[in-house]
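Below you'll find the structure, written out as structure tokens, and then a few comments.
The values are calculated or read from the model by the stated rules, or taken from the named source; none is laboratory data. Values in this document were obtained by computation on a predicted structure and should not be read as measured data. As a convention, Cβ positions derive from the backbone with ideal geometry for all residues, glycine included, and neighbour counts pool all protein chains shown. Ligands, DNA and RNA are excluded from the accessible area calculation, which covers all protein heavy atoms including side chains. Shrake-Rupley method; radii C 1.70, N 1.55, O 1.52, S 1.80 Å.
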Amino acid sequence: MTYLYARTSATAKRAALRTGLASGELLRLPGAFNPLTARIVQQTGFEGVYVSGGALSAAAGLPDIGLTTLTEVAGWAADIAASTDLPVLVDADTGFGEPLNAARTVQRLEDAGLAGCHLEDQVNPKRCGHLDGKTLITPQDMARRLRAAVAARRDPDFLIMARTDARAVEGLDGAIARAKAYVDAGADAIFPEALADATEFAAFRAAVDVPLLANMTEFGKGPSLTVDQLRDLGYNLVIYPVTTLRLAMGAVEAGLRRLATDGTAAGLLDTMMTRSRLYEVIDYDQYGRFDADVAAFTLPPDA
């Protein structure tokens with residue numbers, strides 16, 4: 001059989017994510033800001049893909065302050081999810097509005113083929129989790145947001161994660177208290193944003209009894225912990241949300257500056273993905289075989 005996109009169904013990807021979480025192993029989810037990046041994430045041996053709202057905003061030339069819409073995020077995330085056999089977790093910001101909007105967000109992301117999403121407890125519009133000046137909704141309002149999301153879910157394996165930004169606003173104890181309330185409201189997992197050090201990661205693990213996600217973003221407020229450290233701390237998922245975008249944009253900017261200076265790209269060739277490797281990543285030959293099979297098809301004589 002010919003497959004132009006992922007061979008694995010959305011249902012199977014969600015089940016794989018749940019199995020991975022139940023295994024006790026640490027699942028590594030680098031960010032992908034487009035489908036090509038997601039394919040490379042899969043080919044380099046990771047367990048999942050993360051779609052960052054901040055990375056999508058930046059790729060669209062926008063700051064991460066809640067300017068992107070559900071329609072945009074779901075559309076971009078659907079293309080990314082379709083390109084990989086790995087489960088894809090997406091940043092759903094605040095659910096794009098009130099509890100009813102969060103409910104619609106979950107169903108739209110289910111339909112888009114995602115394995116799960118996280119909803120956060122900031123006001124709408126939100127701010128990047130590693131910037132100052134964040135404002136939170138009340139724990140009761142966040143519980144309503146989560147209950148609406150859980151009630152709207154049709155596939156029980158679709159992961160609904162609660163992100164709390166309370167560490168920077170209410171301190172560690174406040175963040176832990178919120179996390180416990182969010183679990184009571186139905187959250188399957190917790191994403192404690194912008195913890196200060198390994199001791200705080202450990203305190204969260206000791207206090208909260210569901211899967212936990214660690215955000216290892218660069219240039220942020222938190223520490224840079226290794227996979228081994230996070231595994232020892234008992235974390236279940238780690239994301240590198242903007243790493244691939246930063247790598248790509250750093251290379252693009254450096255290359256364009258040299259192109260402007262040299263007047264030719266000849267000196268940049270050894271830094272580029274080659275044509276043959278690009279075609280390998282996108283499985284160019286598979287499309288050719290599919291097209292040839294269709295072109296060669298004929299109806300049987302008695303049809």
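So here's what we get for this one:
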| item | result |
| --- | --- |
| Yes/no for ARG163 being charged (D, E, K, R), modelled with pLDDT of 95 or more and assigned to a helix (DSSP H, G or I) | no |
| Answer residue from the range 151-164, given it is free of Cβ contacts under 8 Å to residues at least 60 places away in the same chain and in contact with a helix residue (DSSP H, G or I) (Cβ under 8 Å, 6 or more places away or on another chain) and is most open to solvent (accessible area, probe 1.4 Å) among those | ARG154 |
| One residue from ALA74, ALA16, ALA12, ALA6 being of a type in the set (A, V, I, L, M, F, W, C), at pLDDT below 95 and either assigned to a strand (DSSP E or B) or closer than 19 Å to ASP111 by Cα (or both) | ALA6 |
| Filter result (polar (S, T, N, Q) and under 25 Å from ARG289 (Cα atoms)) within the range 1-43 | THR2, THR8, SER9, ASN34, THR37, GLN42, GLN43 |
| Of all residues in the range 79-105 being within 24 Å of ARG246 (Cβ to Cβ) and assigned to a helix (DSSP H, G or I), the one that is most open to solvent (accessible area, probe 1.4 Å) | ASP79 |
| Residues of the range 125-143 satisfying the condition of being surrounded by fewer than 17 Cβ atoms within 10 Å (Cβ to Cβ) and either of a type in the set (A, V, I, L, M, F, W, C) or at pLDDT 75 or above (or both) | LEU131, THR135, ILE137, THR138, GLN140, ASP141 |
| Looking only at the range 250-288, and only at residues there that are assigned to a helix (DSSP H, G or I) and of a type in the set (Val, Ile, Thr), the one that is least open to solvent (accessible area, probe 1.4 Å) | VAL281 |
| Selection from the range 21-39 of residues that are more than 19 Å from THR226 (Cβ to Cβ), touching a strand residue (DSSP E or B) at 6+ places or on another chain (Cβ under 9 Å) and open to solvent by 10 Å² or more (accessible area, probe 1.4 Å) | LEU21, PHE33, THR37 |
| Those residues of the range 156-197 which are closer than 17 Å to GLY234 by Cα, among the small types (Gly, Ala, Ser) and touching a Pro at 6+ places or on another chain (Cβ under 6 Å), in sequence order | ALA189 |
| Residues located in the range 106-124, provided they are within 23 Å of PRO211 (Cβ to Cβ) and either open to solvent by less than 10 Å² (accessible area, probe 1.4 Å) or of a type in the set (A, V, I, L, M) (or both) | VAL106, LEU109, ALA112, LEU114, ALA115, GLY116, CYS117, HIS118, LEU119, GLU120, ASP121, GLN122 |
| Elements of type strands (runs of 3 or more DSSP E) in the range 168-249, at least 1 residues being open to solvent by 40 Å² or more (accessible area, probe 1.4 Å) and out of contact with any Lys or Arg (no Cβ under 7 Å at 6 or more places or on another chain) | 237-240 |
